[in-house]
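Nothing in this text is a laboratory measurement; each read-out follows from the coordinates by a stated rule. Note that the structure is predicted; figures quoted are calculated from it, not measured. Methodologically, a virtual Cβ is constructed for each residue, glycine included, from the backbone with ideal geometry; neighbour enumeration extends over all protein chains shown.
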Amino acid sequence: MRLRILLLCSLLLGGCAAAAAVAAVPGVLVDRTMGYFKGQDISLALDMQRSLAAVQQGLERMSLHVNVLEPVPDGYAMEFGNGELDGDIHLQRQTQNLTTLTISAHRGLSQQSSVESAMAKEVLTASEQGEDGAHFEFAGYDSIYAQPETSAEKLGWFRPGTKLNVSVVRKAGWLKIKLPSGQNAYIKGALKSDGT
C-alpha cells in the first residue's frame, strides 16, 4: 500500500519534490519497482511476420513459449513465462522491414536484465537463421475472444495448458483474462482441480 502511495506522490508532485518522495523509499524497493518500466530494446531488419517467427523460435530455444499473443496498433504484444520466469515482449513496426522489440523479464519482483540480454541474442540469432517465408506457428494455440462466445471478435491467441491469470465468469466453460494491453478478454477453458 505504501508503495502505491509513494508512486502516486511521485506522479503528482513536480520536480525535486517527486524525486525526494521516491528517494525516501529503500533502494531495493525502488529498483524492483522501476524494473517493471524498462526492458531490453532491439531492432530487427525484418518485416513483422518474420520478427514474430524469430521471437517464437528464440524463446523456444530457451525452453520458453509465447503464452499470450495480442495484435496491437503497429505490432504485437505477448506474454511469456513458465511460472518462475515471466515477462512480456512488445513488437512495434517502424517501417515495412524494420521491427523494434522491447523485452522485459522478471522473476517475482526482480528484473532479470541478463535474461533479457540472452533473449535478445537468441531472437537476433533466430532472425539471422530464419527463412524468407518464416511466420509464427499457431499450431497448439486457441483463440481469445472479446465476449464469452465463439462468434465474438477474436482478440488474440493463447497456449492452452499454460499458467495464466484468469477469473471465473458466469458462463460455464469460459474464463476471463487480461491481455498484455490491459483489455479484458475471454477464453474457453476451465480451472484445473489445483486452482490453476
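Only loop residues by DSSP count here, and only those with at most 13 other Cβ atoms within 10 Å; note down the GluC sites (Glu not before Pro) in the stretch 80-129 that meet that.
Numbers: sites: Glu84, Glu116, Glu122, Glu128; in loops: Glu84.
The qualifying sites are Glu84.
Give me a comma-separated list of calculated 3J(HN,Hα) values for the stretch 93-103, in order, Karplus coefficients 6.51, -1.76, 1.60 applied at θ = phi - 60°, integers in Hz, x for any Gly or Pro.
Listing the rounded values in order: 6, 8, 9, 4, 10, 9, 10, 9, 10, 10, 10 Hz.
Could I have the simple spin-label model distance between Gln94 and Ala172, label points 7 Å from Cα toward Cβ, reported in nm to one decimal?
Distance between the two pseudo-spin positions: 5.3 nm.
Quick one: dipole size for the stretch 91-196, taken about the Cα centre, charges +1 on Lys/Arg Cβ and -1 on Asp/Glu Cβ, in debye to the nearest 20. Kindly include the intermediate steps, with their values, before the conclusion.
Working: 12 positive and 10 negative charges, 139 e Å.
For the stretch 91-196, the charge dipole is close to 660 debye.
Please list the non-local residues whose amide H lies under 5 Å from the amide H of Asp41, H modeled 1.01 Å from N, same-chain partners needing a gap of 5 or more.
For Asp41, whose amide H was placed from the backbone, the distant partners under 5 Å are Ile103.
In the stretch 119-150, which chymotrypsin sites (Phe, Trp or Tyr not before Pro) are in a loop and have at most 11 other Cβ atoms within 10 Å, using DSSP for the loop call? Before the final figure, lay out each step's value.
Numbers: sites: Phe136, Phe138, Tyr141, Tyr145; in loops: Phe136, Phe138, Tyr141.
Answer by residue number: Phe138.
Set the bar at 25 Å for Cα to Cα. Now go through Lys38/Lys154; Lys154/Lys178; Lys38/Lys176; Lys38/Lys188; Lys38/Lys178; Lys154/Lys176 and name every pair that lies beyond it.
On the way: Lys38/Lys154 29 Å; Lys154/Lys178 14 Å; Lys38/Lys176 27 Å; Lys38/Lys188 33 Å; Lys38/Lys178 21 Å; Lys154/Lys176 14 Å.
Checking Cα-Cα distances, Lys38/Lys154; Lys38/Lys176; Lys38/Lys188 exceed 25 Å.
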